[in-house]
Amino acid sequence: MERLWEREVERLCPRCGRRFSYIERREARGREYFYAVHYFGYEVVDGKVKKKVKKCYLGPREYEYVEKLHSLGLAGLIDRERFRRYLKELLDSTEMDLKELLEVVRELATRALEEVEELDSARARELLEEARAVWGLLGKVYHKLYEKHLVARFSRKGLREDLVR
């Protein structure tokens, strides 16, 4: 799991989107809970100096109670890889046929297209290689399907005789 507080890029809170200063870890009843702490300096209240902070709850490391109903491996916002893991688990656990999978890919690609309009050029360049790799895989799926379609089309009895002549 990539640790949110060890990223080299600017640390942005997954809950509110603002920069956070550090991650606070609390333990209660044998479980770990995480908070993104936003530091806003100091203030004097009644002659005492107090830190001004706001904490955003990021959830536990793992959701144990919810996991009793299914096995997705649900995790709090502290785990940046959780959605990838959820998607893989969903695809592995369901008996999704190819048509359903392609519909999901179409929906996700449509949403991605909308997001591309809002990207800055540096982030767009970074994502370009990933998009090329995905495009290559989809191209392979397309060609395999097309191959199977042609084989099925020309293997029918009447068409086979036409091809032989």
Q) Quick one: length gained pulling residue 90 to residue 28 fully straight, 0.36 nm per residue minus the C-alpha distance? A) 19.3 nm
Q) Using a simple spin-label model with points 7 Å from Cα along the Cα→Cβ vector, what separation in nm is obtained for residue 142 and residue 126? A) 2.8
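Multiply the residue separation of residue 104 and residue 83 by 0.36 nm, subtract the distance between their alpha-carbon atoms, and state the gained length in nm to one decimal. Before the final figure, lay out each step's value.
Details: separation 21, 0.36 × 21 = 7.56 nm, distance 1.47 nm.
Stretched out fully, the residue 104 to residue 83 stretch lengthens by 6.1 nm.
Residue separation times 0.36 nm, minus the C-alpha to C-alpha distance between residue 11 and residue 42: what's the value?
Values: separation 31, 0.36 × 31 = 11.16 nm, distance 2.10 nm.
Extra length available between residue 11 and residue 42 comes to 9.1 nm.
Can you give me the relative contact order of segment 30-111 as a percent, contacts being Cα pairs under 8 Å and 6 or more apart?
Details: 83 pairs, mean separation 16.4, N = 82.
Dividing the mean separation by the residue count of segment 30-111 yields 20 percent.
Each reported figure results from applying straightforward, stated rules to the coordinates on display, with no laboratory input. For clarity, every value in this text was computed on a predicted model and none was experimentally measured. All Cβ positions, even for glycine, are placed from backbone atoms using ideal geometry, and neighbour counts span all protein chains on display.
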